[in-house]
Amino acid sequence: MAAYTCGVTDRLHKRHQPITSGLYRLDHRLLRSYTTPSSIPEFLQYVDIPHLSPSPFALAGGSPVVTIDRDFTAIVKAKLGTLWMHRQTLRLEGHSFDVDDFRIRVGRLLMGDVVRGVLVEVEYTPVDTMSAGEALLRDFVDSLDLP
């Protein structure tokens with residue numbers, strides 16, 4: 001794993017015995033409208049989070065979030081390239097670990113090829129809402145002694 005996430009995963013391994021459960025990935029692309037007439041939103045966002053949904057999402061302006069085909073960005077580029085320009089891509093690359101009822105995802109955040117930070121996501125799997133497991137989540141995250 002990349003040096004950027006080693007500190008977090010080292011702490012996790014020292015305090016717990018995690019089981020690697022897979023890769024952790026996220027892709028976010030921001031497109032901006034060349035023109036901004038009222039009928040075309042100024043920004044279009046593409047988000048792909050494979051561990052949450054098999055299909056990517058799109059959001060334009062204040063519209064509802066919709067699931068889209070994986071070829072969406074290629075279609076936008078080929079057919080709507082005169083309306084939308086690509087502005088920014090953020091990627092998250094890392095690994096997922098299981099510790100008892102917790103799933104910990106650790107990844108480095110990249111803008112292009114430049115590392116911008118590390119993201120740590122902790123999920124307590126027996127509950128559906130944050131409020132139901134908030135105290136347990138807080139205690140677990142505190143036990144990692146993250147900077």
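Based on this model, can you work out whether Val47 counts as open to solvent by less than 40 Å² (accessible area, probe 1.4 Å), among the hydrophobic types (A, V, I, L, M, F, W, C) and touching a residue at least 24 places away in the same chain (Cβ under 8 Å)?
Considered against the rule, which asks whether it is open to solvent by less than 40 Å² (accessible area, probe 1.4 Å), among the hydrophobic types (A, V, I, L, M, F, W, C) and touching a residue at least 24 places away in the same chain (Cβ under 8 Å), Val47 comes out as no.
For the structure I just gave you, tell me whether Ile40 is modelled with pLDDT under 90 and either buried (at least 17 other Cβ atoms within 10 Å of the Cβ) or not in a strand (DSSP E or B) (or both).
Criteria met by Ile40.
For every residue, the table says whether it meets (1) touching a Lys or Arg at 6+ places or on another chain (Cβ under 9 Å); (2) hydrophobic (A, V, I, L, M, F, W, C); (3) under 25 Å from Arg103 (Cβ atoms).
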position	(1), (2), (3)
Val8	no, yes, yes
Leu31	yes, yes, no
Thr35	no, no, no
Ser63	no, no, no
Val76	no, yes, no
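Read through the list (1) under 26 Å from Val127 (Cα atoms); (2) touching a Leu at 6+ places or on another chain (Cβ under 6 Å); (3) surrounded by 13 or more Cβ atoms within 10 Å (Cβ to Cβ), then give the number of the only condition that Leu23 fails.
All conditions pass for Leu23, except number (2).
Test His28 against the criterion of being out of contact with any helix residue (DSSP H, G or I) (no Cβ under 8 Å at 6 or more places or on another chain) and either within 30 Å of Ala132 (Cα to Cα) or surrounded by 14 or more Cβ atoms within 10 Å (Cβ to Cβ) (or both), and give yes or no.
yes
Give region 1-28 a look and list any residue that's closer than 30 Å to Phe43 by Cβ, among the aliphatic types (A, V, I, L, M) and at pLDDT below 90, or say none.
Correct list: Ala2 only.
Go through (1) surrounded by fewer than 17 Cβ atoms within 10 Å (Cβ to Cβ); (2) within 30 Å of Asp10 (Cα to Cα) and name the single condition Gly62 misses.
Going through (1) surrounded by fewer than 17 Cβ atoms within 10 Å (Cβ to Cβ); (2) within 30 Å of Asp10 (Cα to Cα) one by one, Gly62 breaks only (2).
For region 104-147, how many residues are assigned to a helix (DSSP H, G or I) and either open to solvent by 60 Å² or more (accessible area, probe 1.4 Å) or in contact with a Lys or Arg (Cβ under 7 Å, 6 or more places away or on another chain) (or both)?
Total satisfying the criteria: 10.
Select from region 70-85 the residues that are part of a loop (DSSP other than H, G, I, E, B) and over 18 Å from the mean Cα position of the chain (by Cα) and write down the one among them that is farthest from Pro50 (Cα to Cα).
If we take residues in region 70-85 being part of a loop (DSSP other than H, G, I, E, B) and over 18 Å from the mean Cα position of the chain (by Cα), then Thr82 is farthest from Pro50 (Cα to Cα).
The values are calculated or read from the model by the stated rules, or taken from the named source; none is laboratory data. Here the structure is a predicted model, which means the values were calculated and not measured. Backbone-built Cβ (ideal geometry, glycine too); neighbour counts: all protein chains shown. Each accessible area value is taken on the protein alone, full model and side chains, heavy atoms only, with ligands, DNA and RNA left out. Shrake-Rupley method; radii C 1.70, N 1.55, O 1.52, S 1.80 Å.
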